[in-house]
1. Would you say H262 is free of Cβ contacts under 8 Å to residues at least 60 places away in the same chain and not aliphatic (A, V, I, L, M)?
2. Search the range 1-48 for residues being among the acidic types (D, E), at pLDDT 95 or above and assigned to a loop (DSSP other than H, G, I, E, B), and hand back the single one that is farthest from P236 (Cα to Cα).
3. Whether any residue in the range 199-219 is part of a strand (DSSP E or B), crowded, with 23+ Cβ neighbours inside 10 Å, among the aliphatic types (A, V, I, L, M) and touching a residue at least 12 places away in the same chain (Cβ under 8 Å) is what I want to check.
4. If only one of V268, V279 is in contact with a strand residue (DSSP E or B) (Cβ under 7 Å, 6 or more places away or on another chain) and part of a loop (DSSP other than H, G, I, E, B), which one is it?
5. Can you find even one residue in the range 257-279 that is over 29 Å from S81 (Cβ atoms), within 17 Å of the chain's Cα centre (by Cα) and charged (D, E, K, R)?
6. For the range 112-131, which positions are surrounded by 20 or more Cβ atoms within 10 Å (Cβ to Cβ) and more than 23 Å from L16 (Cα to Cα)?
7. From the residues in the range 134-187 that are of a type in the set (V, I, T) and over 18 Å from I117 (Cα atoms), which one is surrounded by the most Cβ atoms within 10 Å (Cβ to Cβ)?
8. Can you tell me how many residues in the range 70-122 are closer than 13 Å to R159 by Cα and hydrophobic (A, V, I, L, M, F, W, C)?
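The values are calculated or read from the model by the stated rules, or taken from the named source; none is laboratory data. Fair warning: this is a prediction, and the values are worked out from it, not measured in the lab. Because the Cβ atoms are built from the backbone with ideal geometry, glycine has one as well, and the counts that use them run over all protein chains shown.
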Amino acid sequence: MAGARVRVRDGKVEVLTEPAIRSCPLRRDLYGIKIESKETVKRVIEEHMAELGMYGPKRVLELEDKPVSFGASEILSDALSGGLIDAAVLVCEGAGTVVAAKPAVLQAIGAHMTGLIRTEPIEEIQVGLEERGCILIDRQGTVDQVLGFERAVEAGYRRIAVTVAGARADDARALRERERALGAGATILAVHTTGISENEAQVLAECCDLVWSCASQSVRKVAGGKALMQIGIAIPVFALTPMGKRLILNRAMHFSGQLVLHRAGLPVTPEGKQPEPLV
């Protein structure tokens with residue numbers, strides 16, 4: 001979170017490293033944070049635990065609220081509602097990789113989850129997800145998005161969205177290989193890209209439908225220049241394929257606020273509006 005590594009164990013939050021960024025316009029809007037620190041990271045996670053039961057047995061597993069205008073879970077839950085995809089493969093604490101096919105469940109899993117690296121199983125979360133029609137790849141909390149895609153195909157889904165972490169760019173390439181072998185479609189969304197290399201950004205730009213820029217200099221440079229469409233200017237989301245464009249426009253159709261669309265050379269990243277620093 002904010003580029004800091006965090007461990008939540010037995011209900012206690014430990015912020016292990018300093019945030020990689022000083023300020024983030026999204027976190028400022030959502031949480032009122034002007035300058036990031038270990039303390040701000042801990043406060044936000046503790047708020048999620050208190051309000052949504054995250055990282056524990058009483059976790060909220062259905063959510064209608066959409067706090068981020070063009071977040072990954074918001075875009076995917078609207079894509080499910082709009083019939084653009086059949087299911088989504090994402091990551092939930094306490095469960096690992098999950099296949100979800102209900103918009104409210106998908107939104108609950110992803111709305112406030114950032115960059116989950118590893119998780120231990122939480123039985124109540126796993127049972128609750130299965131009761132809501134989700135597929136778990138195992139009961140150990142394994143995070144494996146390629147295997148999640150394969151399990152979704154085995155379950156009969158054919159239009160499957162998959163989120164991949166920016167640092168796991170090779171997963172995006174592997175997904176393109178597996179979709180051809182399995183005869184199913186993978187819509188790939190790259191999230192949590194802060195700090196990735198230019199080579200990783202290149203792989204994401206070649207293999208993904210949507211890429212979130214987060215606080216990544218490489219994504220703005222590489223994916224931004226190749227994008228067909230951009231939504232947002234502070235944390236740009238880049239569409240690299242026609243399917244990516246459809247997902248953005250579908251979210252725009254469901255978005256209740258005002259928007260402006262105009263022709264421009266990409267990326268559009270005005271100074272003073274970006275996270276600081278870009279890494």
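1. Values: free of Cβ contacts under 8 Å to residues at least 60 places away in the same chain: yes; not aliphatic (A, V, I, L, M): yes.
The answer is yes for H262.
2. Keep residues of the range 1-48 that are among the acidic types (D, E), which gives 10, 14, 18, 29, 36, 39, 46-47.
Then drop every residue that is not at pLDDT 95 or above, which leaves 14, 18, 36, 39, 46-47.
Those left that are additionally assigned to a loop (DSSP other than H, G, I, E, B): 18, 36.
Working: E18: 24, E36: 20 Å.
It comes out as E18.
3. As a first pass, look at the range 199-219 and keep what is part of a strand (DSSP E or B): 210-212.
Cutting the leftovers down to crowded, with 23+ Cβ neighbours inside 10 Å gives us 210-212.
Those left that are additionally among the aliphatic types (A, V, I, L, M): 210-211.
Those still in the list that are touching a residue at least 12 places away in the same chain (Cβ under 8 Å) too: 210-211.
Checked against the condition, which is being part of a strand (DSSP E or B), crowded, with 23+ Cβ neighbours inside 10 Å, among the aliphatic types (A, V, I, L, M) and touching a residue at least 12 places away in the same chain (Cβ under 8 Å), the range 199-219 yields at least one hit.
4. Step by step, each of V268, V279 is checked, and only V268 is in contact with a strand residue (DSSP E or B) (Cβ under 7 Å, 6 or more places away or on another chain) and part of a loop (DSSP other than H, G, I, E, B).
5. Scanning the range 257-279 turns up no residue that is over 29 Å from S81 (Cβ atoms), within 17 Å of the chain's Cα centre (by Cα) and charged (D, E, K, R).
6. Result: I125, Q126, G128, L129.
7. Narrowing the range 134-187 to residues of a type in the set (V, I, T): 135, 137, 142-143, 146, 153, 160, 162-164, 187.
Narrowing further to those that are over 18 Å from I117 (Cα atoms): 135, 153, 160, 187.
Details: I135: 19, V153: 21, I160: 27, T187: 24.
Among them, the one singled out is I160.
8. Here the count works out to 11.
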